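Peer 1: I'd like to ask some things about the structure below.
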Amino acid sequence: NFPKLIAHTNLATLKGHPDYAAAKQGDNAAALSVLRSVLNPEKWRQLAEAYPNAVVVPVIEKEAAGNNRLPWGYAHALKSVGFQATDEIISVARVTHTNKNELGRLISRKQFAGAVIPGQEYILIDDVVTQGGTINQLRAFIEAKGGKVVAVSSLSFGRDSHIIALTAKTKAALEQTYGRDELNRFLRNESIAGQLDALTEREGRTLLRAGTLDRLRDRITEA
């Protein structure tokens, strides 16, 4: 039941901004320049009207080239419409998704730590959602601690990644291709997920392309 992503612009526009690379590497001025160009005030109002009491949680982690300032910059911008933001929930796993292919991202599961308020509503913020895995892991962490994730928003997203929750169609295709019990065992053995229902839609489609579990194992080993 993960809600659909609320995004501000397309991926080509975001990555084509002249200050995008510098913002990803930790330049605050560059991040501000990017945000001024791509943030859509209508999206802010949409979040504020739907979830007025939510706390904003940016994905805070160290990128390969530096500390990405875009998620926190976006979260800070949301404070201007009345949201509270927290930087107390952070990524603690030394894992980077930069330049990894889809299977590489799938097996590189991130972990989070920090203070979560039981019963509090949270909105998750990132700059780009590629497969939804990071957002999915962050949501799992917050809800395991008693919080409630009500929305997710980013500046942009990869192909089909605005759909976070696994769709019934993709779930049925995975079960038909691999068998539910067999796939669940595979996901646990590879430390990907406890069961297929925990996958994102894009992750599910990535797994489907292998066709057999043997080919999937081989491709994961290569990744």
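Peer 1: Under a 1.4 Å probe, what is the accessible area of the chain per residue, stated in Å²? All intermediate terms of the calculation are to be shown ahead of the outcome.
Peer 2: Values: 10730 Å² over 223 residues.
Normalised by residue count, the accessible surface of the chain is 48 Å².
Peer 1: Mind checking the full-extension length gain between residue 50 and residue 208? Use 0.36 nm per residue of separation minus the Cα-Cα distance, one decimal, nm.
Peer 2: Values: separation 158, 0.36 × 158 = 56.88 nm, distance 3.49 nm.
That pair, residue 50 and residue 208, stretches by 53.4 nm at full extension.
Peer 1: Can you sort 162, 76 by 1.4 Å-probe accessible area, starting with the largest? Can you show the working numbers first?
Peer 2: On the way: 162 55, 76 105 Å².
The most accessible residue leads, giving 76, 162.
Peer 1: If each DSSP helix of 4+ residues adds -39,500 (n - 2.57) and the sum is divided by the residues in the chain, what number results at 222 nm, nearest 500 deg cm²/dmol?
Peer 2: Numbers: 11 runs with 97 residues, N = 223.
After summing the helix terms and dividing by residue count, I get -12000 deg cm²/dmol.
Peer 1: Where the convex hull is taken over the Cα atoms of the chain, what is its projected area averaged over directions, in nm²? Display every interim value, and only then the final one.
Peer 2: Numbers: hull surface 47.1 nm².
Quarter of the Cα hull surface area: 11.8 nm².
Peer 1: Oh, and also: Checking the table 4/148; 148/169; 43/79; 4/24; 148/171 against a 20 Å threshold on Cα-Cα, which pairs fail?
Peer 2: Numbers: 4/148 15 Å; 148/169 26 Å; 43/79 14 Å; 4/24 24 Å; 148/171 24 Å.
From the list (4/148; 148/169; 43/79; 4/24; 148/171), the Cα-Cα distance tops 20 Å for 148/169; 4/24; 148/171.
Peer 1: In addition: Please report the relative contact order for segment 92-223, taking Cα pairs under 8 Å with a sequence separation of at least 6, and give it as a percent rounded to a whole number. Please report the intermediate quantities before stating the final value.
Peer 2: Working: 188 pairs, mean separation 34.2, N = 132.
Value for segment 92-223: 26 percent.
Peer 1: Then there's this: What is the set of long-range amide H partners of residue 68 at a cut-off below 5 Å, with H atoms built 1.01 Å from backbone N?
Peer 2: Excluding prolines and chain starts, which carry no amide H, the hits are 61, 63.
Peer 1: Please give the contour-minus-distance gain from residue 43 to residue 169: 0.36 nm per residue of separation, less the Cα-Cα distance, rounded to one decimal in nm. Provide the component values of the computation, followed by the final result.
Peer 2: Numbers: separation 126, 0.36 × 126 = 45.36 nm, distance 2.88 nm.
Full extension from residue 43 to residue 169 adds 42.5 nm.
Peer 1: ³J(HN,Hα) across segment 128-133 via Karplus (A = 6.51, B = -1.76, C = 1.60, θ = phi - 60°), whole Hz, x for Gly/Pro?
Peer 2: Calculated HN-Hα couplings, in order: 9, 9, 9, 10, x, x Hz.
Peer 1: Percent relative contact order of the chain, based on C-alpha pairs within less than 8 angstrom and at least six residues apart? Could you put the intermediate results ahead of the total?
Peer 2: Details: 404 pairs, mean separation 49.0, N = 223.
Result for the chain is 22 percent.
Peer 1: Angle check, please: helix 168-178 long axis (alpha carbons) against the longest principal axis of the chain (alpha carbons), in degrees 0 to 90, nearest 10.
Peer 2: Helix 168-178 sits at roughly 30 degrees to that axis.
Peer 1: Report the full-extension gain for the segment residue 92 to residue 1: residue separation times 0.36 nm, less the Cα-Cα distance, to one decimal in nm. List each step's numbers first, then the result.
Peer 2: Numbers: separation 91, 0.36 × 91 = 32.76 nm, distance 2.59 nm.
Taking 0.36 nm per residue and subtracting the Cα distance, the gain is 30.2 nm.
The values are calculated or read from the model by the stated rules, or taken from the named source; none is laboratory data. Everything quoted here is computed from the prediction, not taken from an experiment. In case anyone asks, the SASA skips ligands and DNA or RNA and just uses the protein heavy atoms, side chains included. Shrake-Rupley method; radii C 1.70, N 1.55, O 1.52, S 1.80 Å.
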